[in-house]
Amino acid sequence: MHPFEKDEELAVECPRCGSSITVRDYQQNRIICENCGLVLREGIKDMGPEWRAFDQKEREEKSRAGPPSTETIHDRGLSTEIDYKNRDAKGRKLSPGRKRQVHRLRKWHKRARVPGSKDRDLAFSLSEINRMSSQLGLSKSVQEVASKIYREAVEEDLIRGHSMEGVASAALYAACREAQVPRTLEEVAEVSGVGKREVSRTYLFIKRELNIDLPPTDPAKYVARFGSKLGISGEARAEAMEIIRRAQEERLTSGKSPPGTAAAAIYMAALEEGEWRTQREVAEAADVTEATVRNRYRGIAEGLEEEIIV
């Protein structure tokens, strides 16, 4: 920490000039008025580290604090780790005897971290959430939310009668819904290894039991991803979002599948912009049926009084 640090949030007003902007002098342990130089307080403590760093690399090397706790690891990342570099503190390679000793320590340390079946099951499920999040391209924050939902399900004993993979997939889908990240139930089921029906049933179960109130997904959030798969222009994507906005104003999207609505809007926008895409192509990009695209297209076009192109 710099020996002189300006502090504008300190609730100390100078009795001489009335200024509230002060400077902390950690070399002399004083708080000084920046305007007139009056010493306002003495004997302050420097709460920062005892070392100095001049760039990010030095800060990382000298910092002794560990990473923050996380819900994505069964022990929340609070336990120690023994890495696999097989080098000592000075970076030198370990002797064969020392390697064998470290290998045994690593093995027993790993067993001690996951002592019981409950911890093993939790570690497995959280690793599944991590794997699925990676395959779906989800952010760390969504993974944290999914892991928290799964932990709550474990605490409420909701895993009984359901597969761990199914509950983990349902928690991840719920996290996507909560974070308004456009991922369909079909996409989550595809990477989970369990059926769509099981994921859907488990999702509705934990949503009800944990009282999770999730807002409906905005169909417009799917336009960018579906449009990228179809290779349509930015103008067509903007037109699709405008169609969705108008459809929402006319309450044509209530109770309808958001991916289906987005697919129909993209199909309409592509026709209007002269970027012809077949209903099959749009359905494959949105992972819905051609009938869904066709029915939603007709419904939106009739509701907005648009010409239906067959």
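The values are calculated or read from the model by the stated rules, or taken from the named source; none is laboratory data. Quick caveat, the model's predicted, so the values are computed rather than measured. Here the Cβ is made from the backbone with ideal geometry for all residues, glycine too, and neighbour counts use every protein chain on show. Heavy atoms of the whole protein, side chains included, go into the accessibility calculation; ligands, DNA and RNA do not. Shrake-Rupley method; radii C 1.70, N 1.55, O 1.52, S 1.80 Å.
List of remarks:
Rundown of residues vs (1) polar (S, T, N, Q); (2) at pLDDT below 90, yes/no style:
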{"residue": "188", "(1), (2)": "no, no"}
{"residue": "196", "(1), (2)": "no, yes"}
{"residue": "204", "(1), (2)": "no, no"}
{"residue": "217", "(1), (2)": "yes, yes"}
{"residue": "223", "(1), (2)": "no, no"}
{"residue": "245", "(1), (2)": "no, no"}
{"residue": "253", "(1), (2)": "yes, yes"}
{"residue": "276", "(1), (2)": "no, yes"}
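- Selected residue (only one of 107, 118, 93 is at pLDDT 80 or above and basic (Lys, Arg)): 93
- The range 151-164 residues that are within 18 Å of residue 175 (Cα to Cα), paired with ones that are of a type in the set (Gly, Ala, Ser) (beta carbon under 6 Å, 6 or more apart): 164/125
One line per residue, one yes/no per condition, for (1) farther than 30 Å from residue 152 by Cα; (2) open to solvent by 50 Å² or more (accessible area, probe 1.4 Å); (3) outside any loop (DSSP other than H, G, I, E, B):
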| residue | (1), (2), (3) |
| --- | --- |
| 211 | no, yes, no |
| 235 | yes, yes, yes |
| 248 | yes, yes, yes |
| 270 | yes, no, yes |
| 283 | yes, no, yes |
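- Residue within the range 273-288 that is over 27 Å from the mean Cα position of the chain (by Cα), within 18 Å of residue 216 (Cα to Cα) and aliphatic (A, V, I, L, M) present: no
- So residue 241, is it among the hydrophobic types (A, V, I, L, M, F, W, C), open to solvent by 50 Å² or more (accessible area, probe 1.4 Å) and either in a helix (DSSP H, G or I) or closer than 30 Å to residue 161 by Cβ (or both): yes
- Among residues that are closer than 21 Å to residue 188 by Cβ, touching a Gly at 6+ places or on another chain (Cβ under 8 Å) and among the polar types (S, T, N, Q), residue 261 is not included.
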